[in-house]
Amino acid sequence: MAGHALQVCLVVIPLTGAALGLAVWSNPRRLKRWALLVAIASGLLLFGISGRVTAPAEGMLLLALLPVAASLTLLGQPIHPDNRQAWLMTLALLGLGLGVLVNHDQLGSILLLILLGLVAGLLYRYRAISGSVPWWGIGTCCLGVIGLLLSLIAPPSVSVGALLMACAILLPLPPLHGGYAAALRGLPGNLPAFLALLLPGLGFHRLVDLMPSLPEPLVETLVLPAMAGMLYGSLKALTQSRVRLLLASAGLSFFSILWWYVAVTRTAPPQAAIYLCSIGLATSGLLLAWHAIQARYGEVDLRAITGLVYPMPRFAVLVSLLALAAMGLPPFGLFSGFLGMLLTPSLPRSGALCIVFGAWLMASWYILDMVQSLLFGRHRSDLRYEDLRRSELASLALCLSLLIALGLAPARFFQPGTSTPPIRPAMESPSWNR
């Protein structure tokens, strides 16, 4: 009973904090401090329920990382009135996300439905940022809401496919990746950096719950869009001169590798959770770094800001390390997770691995090229350079520390019996729809 009360508090504290934040709306400095305090309190509460929540490795890892991710993305934001709504929405999304992770029944699906609807509303609210109405992103989020509704009320033969569609929207898989790309491109403040981990994490969490109910023919059909997503994301990044869109395209390629792995092996071991969380954190860190540039120079093209290595040395060091983490080099978590997945005995050795490695190398090359253009391009004497402020430095350093921790100490998540059971040949309905 006490454990259930603590789980309720885990959801209520961020949502109540977002509502109470309106009391200090007129003072951005106090509002930012309040949002940080609420996010940190949510993380501390996890210590109280860590022994009372039964969850696979992937669920516990996300539970631990979401409040930390919310805190570091809030910490890195400049104090400005335009960021106030993003701060409160971060708390609201954090509360809904934690509720999805601790509830595996109908309540979890309802909270996820509300979260997707909120993201769709935010995309429409801030449509001017992207220069046009992101109808594809809004439409895919609404499609996910419909899928979650069907999973609650439809018979098992329909609900399984509807919930899988919602998972493909959250954990981006072509052609349903529009919501993820639009969130990273068109939302203000720290919201893109937080959603870069939240949306794929919740999609993967629901996919793990759903896997035992998926029929074999449906799983086999996932291989083709996963392979297409690897190639499409890599090629799409080739045409991007906007950092947000480039990172969204690279993320789509990396997440498509995860979809391919799940479809081929019919499992989602703890290594896959580390891989997913590392992608989300690396993308969050790079988005936070780019937001620091936007805070100084506005919404600019990647080619307009170059030569930052000497006038902004702290920025150069941290961004270089984050790029190495995003490329999947050791000792960061992305390398450990990817290598762990490749070494699992259930992974068949086939020609598809060549496509996987090719997509990986292409997406990594674009990230490296992006950072090289920022740091080592032509120095502009007409710009006033300012290195990272203390809050921005602390935020990026914390993100980098988490990526190193995931890479150097993954053994605690590799305990026997923590991986997801393989998909059963016979289709069963999810437990909340029986």
(message) Anything in segment 381-403 that is more than 13 Å from I293 (Cβ to Cβ) and either surrounded by 14 or more Cβ atoms within 10 Å (Cβ to Cβ) or in contact with a His (Cβ under 7 Å, 6 or more places away or on another chain) (or both)? List them, or say none.
(response) S391, L393, A394, S395, A397, L398, C399, L400, L402, L403
(request) Please name all residue pairs, on different chains or six or more residues apart, with Cβ atoms under 8 Å, provided the first residue is in segment 255-267 and is within 19 Å of I169 (Cβ to Cβ) and among the small types (G, A, S) and the second residue is outside any helix (DSSP H, G or I) and modelled with pLDDT of 90 or more. (result) S256/P172; S256/L173; S256/P174; A263/L222
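In segment 50-63, which residue that is within 19 Å of the chain's Cα centre (by Cα) and small (G, A, S) is modelled with the highest pLDDT?
G59
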(message) Taking the conditions exactly as written (in contact with a Leu (Cβ under 8 Å, 6 or more places away or on another chain), on the phi < 0 side of the Ramachandran plot, among the hydroxyl-bearing types (S, T, Y) and at pLDDT 90 or above), does S26 satisfy them or not?
(response) no
(request) Would you list the helices (runs of 4 or more DSSP H) that sit entirely within segment 111-221 and hold 3 or more residues that are within 16 Å of V262 (Cα to Cα)? (result) 156-170, 191-210, 216-221
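Within the bounds of segment 363-378, is there any residue that is free of Cβ contacts under 8 Å to residues at least 12 places away in the same chain, over 18 Å from Q271 (Cα atoms) and either in contact with an Asp or Glu (Cβ under 8 Å, 6 or more places away or on another chain) or surrounded by 18 or more Cβ atoms within 10 Å (Cβ to Cβ) (or both)?
Going residue by residue through segment 363-378, those that are free of Cβ contacts under 8 Å to residues at least 12 places away in the same chain are 365, 369, 372.
Those left that are additionally over 18 Å from Q271 (Cα atoms): 365, 369, 372.
Those still in the list that are either in contact with an Asp or Glu (Cβ under 8 Å, 6 or more places away or on another chain) or surrounded by 18 or more Cβ atoms within 10 Å (Cβ to Cβ) (or both) too: none.
No: segment 363-378 contains no residue that is free of Cβ contacts under 8 Å to residues at least 12 places away in the same chain, over 18 Å from Q271 (Cα atoms) and either in contact with an Asp or Glu (Cβ under 8 Å, 6 or more places away or on another chain) or surrounded by 18 or more Cβ atoms within 10 Å (Cβ to Cβ) (or both).
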(request) Find the residue count for segment 152-208, including only residues that are among the basic types (K, R) and either in contact with a Phe, Trp or Tyr (Cβ under 9 Å, 6 or more places away or on another chain) or under 26 Å from N83 (Cα atoms) (or both). (result) 1
(message) Among the numbered criteria (1) buried (at least 24 other Cβ atoms within 10 Å of the Cβ); (2) modelled with pLDDT under 95, which one does F255 miss?
(response) (2)
(message) So the check is Cβ under 6 Å with 6+ separation or different chains; which pairs have a first residue in segment 113-130 that's surrounded by 18 or more Cβ atoms within 10 Å (Cβ to Cβ) and a second one that's β-branched (V, I, T)?
(response) L113/V145; L116/V145; A120/I138; L123/I138
(message) Here's a check for you: in segment 234-268, which residue that is in contact with a helix residue (DSSP H, G or I) (Cβ under 7 Å, 6 or more places away or on another chain) and not in a helix (DSSP H, G or I) is nearest to L222 (Cα to Cα)?
(response) R266
(message) Go through segment 83-114 and report how many residues are modelled with pLDDT under 90 and of a type in the set (D, E, K, R).
(response) 1
(request) For segment 29-49, name all the residues that are surrounded by 16 or more Cβ atoms within 10 Å (Cβ to Cβ), of a type in the set (F, W, Y) and at pLDDT below 90. (result) none
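Looking at L322, L302, L334, L281, can you tell me which residue is over 20 Å from V356 (Cα atoms), among the hydrophobic types (A, V, I, L, M, F, W, C) and touching a Gly at 6+ places or on another chain (Cβ under 6 Å)?
L322
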(message) Can you pull out every residue in segment 160-182 that is more than 18 Å from G229 (Cα to Cα) and either buried (at least 24 other Cβ atoms within 10 Å of the Cβ) or in contact with a Cys (Cβ under 9 Å, 6 or more places away or on another chain) (or both)?
(response) L163
(message) Show me the helices (runs of 4 or more DSSP H) entirely contained within segment 270-388 in which 2 or more residues are closer than 26 Å to L398 by Cβ, small (G, A, S) and at pLDDT 90 or above.
(response) 270-297, 313-327, 333-342
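Can A70 be described as under 24 Å from the mean Cα position of the chain (by Cα), modelled with pLDDT of 95 or more and either among the charged types (D, E, K, R) or under 22 Å from R206 (Cα atoms) (or both)?
Yes.
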(request) Could you tell me whether G139 is modelled with pLDDT under 90, surrounded by fewer than 20 Cβ atoms within 10 Å (Cβ to Cβ), closer than 20 Å to R244 by Cβ and out of contact with any strand residue (DSSP E or B) (no Cβ under 7 Å at 6 or more places or on another chain)? (result) no
(message) When you scan segment 394-409, do you find a residue that is among the small types (G, A, S), modelled with pLDDT of 80 or more and over 24 Å from the mean Cα position of the chain (by Cα), even just one?
(response) no
(message) Please pick out the residue among L374, L347, L343, L353 that is under 30 Å from G76 (Cβ atoms) and among the aliphatic types (A, V, I, L, M).
(response) L374
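The values are calculated or read from the model by the stated rules, or taken from the named source; none is laboratory data. Note that this is a predicted model, so its numbers are computed, not measured. As a convention, Cβ positions derive from the backbone with ideal geometry for all residues, glycine included, and neighbour counts pool all protein chains shown.
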